[in-house]
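The values are calculated or read from the model by the stated rules, or taken from the named source; none is laboratory data. A quick note: this is a predicted structure, and the numbers were derived from the prediction, not measured. Please note: Cβ atoms are built from the backbone with ideal geometry, for glycine as well, and neighbour counts cover all protein chains shown.
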Amino acid sequence: MAKMAHTCYRVQDLDASLKFYQEALGFELSRRRDFEEHKFSLVYLTLPGDSYELELTYNYDHGPYDIGDGYGHIAISVSDLEALHAKHVAAGYTVTDLKGLPGTDPSYYFITDPDGYKIEIIREK
């Protein structure tokens, strides 16, 4: 049986990305591996109570990455969508208004991380 293990993002500023994912979304550091001789670091983050990991890959001295047009987003479900949205707006993060699919009540919004990756925040089912 197979299961998802992690999603990898390549980031330009590891400190800024760690701060964003920990402060804005509540991720916790799972593990970190620094390969200084090869000029890269791998940082694994998880949400409390979840084993699925977000891997942030930091290649030393690399500039900004181009986000391909085939990439979409990751999604995180939360119990109080409106409260987290208000917190993100107050903190000055780049967020969309609350949205819903056509003909439905608002059930999600997007927040953008320091590298321009979009994270969909959805109402927990």
Item to complete: From the list Y93, Y109, Y60, Y44, pick out the single residue that is surrounded by 11 or more Cβ atoms within 10 Å (Cβ to Cβ), touching a residue at least 40 places away in the same chain (Cβ under 8 Å) and of a type in the set (F, W, Y).
Response: Y93
Response to the item:
Exactly one of D66, D34, D97 is under 16 Å from I121 (Cα atoms) and more than 15 Å from the chain's Cα centre (by Cα), and that residue is D97
Item to complete: Looking only at the range 116-125, decide whether some residue is closer than 30 Å to E36 by Cβ and surrounded by 15 or more Cβ atoms within 10 Å (Cβ to Cβ).
Response: yes
Discussion item. Restricting to the range 66-101, name every residue that is outside any loop (DSSP other than H, G, I, E, B), β-branched (V, I, T) and either modelled with pLDDT of 95 or more or over 21 Å from Y9 (Cα atoms) (or both).
Written reply: V78, V89, T94, V95
Discussion item. Can you go through L54, L84, L25 and tell me which one is in the same structural domain as D115 (by TED's automatic domain parsing) and closer than 30 Å to D105 by Cα?
Written reply: L84
Practice prompt. Count, please, the residues in the range 112-125 that happen to be outside any loop (DSSP other than H, G, I, E, B) and in contact (Cβ under 8 Å) with a residue 24 or more places away in the chain.
Written response: 6
